[in-house]
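Participant: I'd like to ask you about the structure that follows.
Values quoted throughout were computed directly from the atomic coordinates according to the rules given, and no laboratory measurement underlies them. It should be emphasised that the depicted structure is a prediction, and the values quoted were computed from it without experimental measurement. Here Cβ is always computed from backbone atoms with ideal geometry, including for glycine, and neighbour counts include all displayed protein chains.
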Amino acid sequence: MPGETWKILKTLGNSVLSYTDTSAVAGKKYQYMVRAYRRESGVLQFSPVDNTGAKTDLTLNTPSLKPAVYNEGSDKVSISWNPVKRATGYCLYRKVPGGIYLRIANLDANTTSYQDKNDGDAPYYTYTVKAYMASPGAVSWSGCVNKGSMAILPALKNQSVLDRYGLTLIEGAPQLTVSQMRAYIKSVNPDVPDSVLKMIPYYISEGKAEGIRGDLAFCQSCLETGNFTFVGSAVTLDQNNFCGLGVTSNGMKGNSFATPQLGIRAQIQHLKAYANKEPLRQTQIDPRFHYVTRGCAPYLQWLGIQENPLGYGWAAGSDYADHILRIYNSIRNM
């Protein structure tokens, strides 16, 4: 290493032209030089040496991140990582969806955790950390886990922030009226049964009962039932199951409910299971409520498993929310 006297590392035969130094320690600098030798008349003869040698700057090990955890009481995210040998400090970075990592803290070698305040400006934060070793005239950096460690934050309430990320809350008041929804379904399905037209108000009343947007539930039903034609749908009209509850890829037909109102109530309750962690206000009808990780999809855009940052969701197909929103926008623009 620089500043130290040369030490013999290994003596090799004349057929060996390379060597791997397994004793080298991460975070340190080394210089290497080679001397050739031969034995003549019992005497060792050495070649001249290049005292500059070959220099190498070994990087530190990449810090191993632990899962980031949001704490409701403090409204902060706890981030921690395993210590890196010989690190003299750590830099912690954070990014929002679609953004880049920005440094938020510079910490000493004895600090391997941090409490980050939720600024209310994103649906989730992703964190990563780098270790560094400072030596006279140089700083050696570790790599980082680019995927990072994600912390899901409470559902956004600020509409401008929601718009920035293109997110739609599942909870809230409806933005469409019963008249608009009836007009839409009659325009795309002239043969829609009267029973469907009569049950549409339940989407609004059942949604309001649980604080869930019943208009979005109606649009979801239009998608799942083929605008109530049930062509290609996994459910039938007499099941009173308008969202495919209980339908699986192995041919399960799905759940049935005694009345259209109860079927819609079950759908609303299932959406609430995804939307938040609030208790149900009415008796549980949804038979699959307890299978949902509560609050894992507060936004319509996260109902699709492929779009959910945690890999949860209602539907396995891609762009699930986009299909629902196309129906919603068609109704709104009529």
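Participant: Go through 150-157, 48-55, 269-276, 189-196 and give me the packing order, highest mean Cβ count within 10 Å leading.
Facilitator: The most tightly packed comes first, giving 269-276, 150-157, 189-196, 48-55.
Participant: While we're on this one: When the chain is treated as a GNM, springs tying every alpha-carbon pair under 10 Å, which of E171, E278, E40 comes out with the largest mean-square fluctuation?
Facilitator: Maximum among the listed residues: E40.
Participant: Using just the Cα positions, wrap the stretch 69-154 in a convex hull and report its mean projected area in square nanometres, one decimal place.
Facilitator: In nm², the orientation-averaged hull projection of the stretch 69-154 is 5.9.
Participant: Show me the ranking of peptides 121-134, 69-82 by mean Cβ neighbours inside 10 Å, starting with the highest.
Facilitator: 121-134, 69-82
Participant: Here's something else I'd like to know. Once amide H atoms are built 1.01 Å from N in the peptide plane, which residues 5 or more positions from Y125, or in another chain, come under 5 Å H to H?
Facilitator: Those qualifying (amide H under 5 Å, at least 5 residues apart or on another chain) are A151, L153.
Participant: Which order do C219, C144, C243 fall in if you start with the one that has the fewest other Cβ atoms within 10 Å? Please report the intermediate quantities before stating the final value.
Facilitator: Numbers: C219 26, C144 18, C243 23.
Least to most surrounded, the residues fall as C144, C243, C219.
Participant: If you build a Gaussian network model of the chain, linking Cα atoms that sit under 10 Å apart, which residue out of Q220, Q267, Q159 swings the most?
Facilitator: With Cα springs under 10 Å in the chain, the top fluctuation among Q220, Q267, Q159 is at Q159.
Participant: If you don't mind, another one. Show which aspartates and glutamates lie in cross-link reach of K76 when reach means a straight Cα distance below 16 angstrom and same-chain residues fewer than eight apart are skipped.
Facilitator: Output for K76: D116, D119, D121.
Participant: Return one number: the angle in degrees, 0 to 90 and rounded to the nearest 10, between the long axis of the Cα atoms of helix 260-275 and the longest principal axis of the Cα atoms of the chain.
Facilitator: For 260-275 against the chain, the angle is about 20 degrees.
Participant: Also: For the cross-link pairs K7/K130; K55/K85; K147/K272; K66/K272; K198/K253, which exceed 23 Å when the distance is taken from alpha carbon to alpha carbon?
Facilitator: Beyond 23 Å between Cα atoms: K7/K130; K147/K272; K66/K272; K198/K253.
Participant: Also, quick follow-up: Explain nothing, just compute: Karplus ³J(HN,Hα) = 6.51 cos²θ - 1.76 cosθ + 1.60, θ = phi - 60°, for every residue of the stretch 189-200 in order, whole Hz, x for Gly and Pro.
Facilitator: Calculated HN-Hα couplings, in order: 9, x, 9, 4, x, 4, 4, 5, 4, 6, 8, 4 Hz.
Participant: Divide the volume of the convex hull of the Cα atoms of the stretch 114-192 by its number of residues and quote the answer in cubic angstrom per residue.
Facilitator: Per-residue hull volume (Cα only) is 176 Å³.
Participant: To continue, here is another question. What's the angle, to the nearest 10 degrees (0 to 90), between helix 214-225's Cα axis and the longest principal axis of the chain?
Facilitator: Once rounded, one gets 90 degrees.
Participant: Tell me the angle of helix 320-332 to the major Cα principal axis of the chain, expressed in degrees between 0 and 90 and rounded to the nearest ten.
Facilitator: 40 degrees
Participant: Follow-up. Apply the Karplus curve 6.51 cos²θ - 1.76 cosθ + 1.60, θ = phi - 60°, to the phi angles in the stretch 227-233 and return the couplings in whole Hz, x for Gly and Pro.
Facilitator: 6, 6, 8, 6, 6, x, 8
Participant: In whole Hz and in residue order, list the ³J(HN,Hα) couplings for the stretch 67-75 that follow from phi through the Karplus curve 6.51 cos²θ - 1.76 cosθ + 1.60, θ = phi - 60°; x for Gly and Pro.
Facilitator: Using θ = phi - 60°, the values come out as x, 6, 10, 8, 10, 4, x, 9, 6 Hz.
Participant: Can you tell which of I152, S142, A105 lies farthest toward the positive end of the dipole of the stretch 69-154, using +1 and -1 charges on the Cβ of basic and acidic side chains (Lys, Arg; Asp, Glu)?
Facilitator: S142
Participant: Can you return the aspartates and glutamates within cross-link range of K186? Criterion is Cα-Cα under 14 Å, with same-chain partners fewer than 8 residues away left out.
Facilitator: Of all the aspartates and glutamates, those that pass the test against K186 - Cα under 14 Å, at least 8 places apart if same chain - are D194.
Participant: Still on this model: May I ask for the percentage of alpha-carbon pairs in the chain that lie more than 38 Å from each other?
Facilitator: In whole percent, the share of Cα-Cα pairs in the chain beyond 38 Å is 42.
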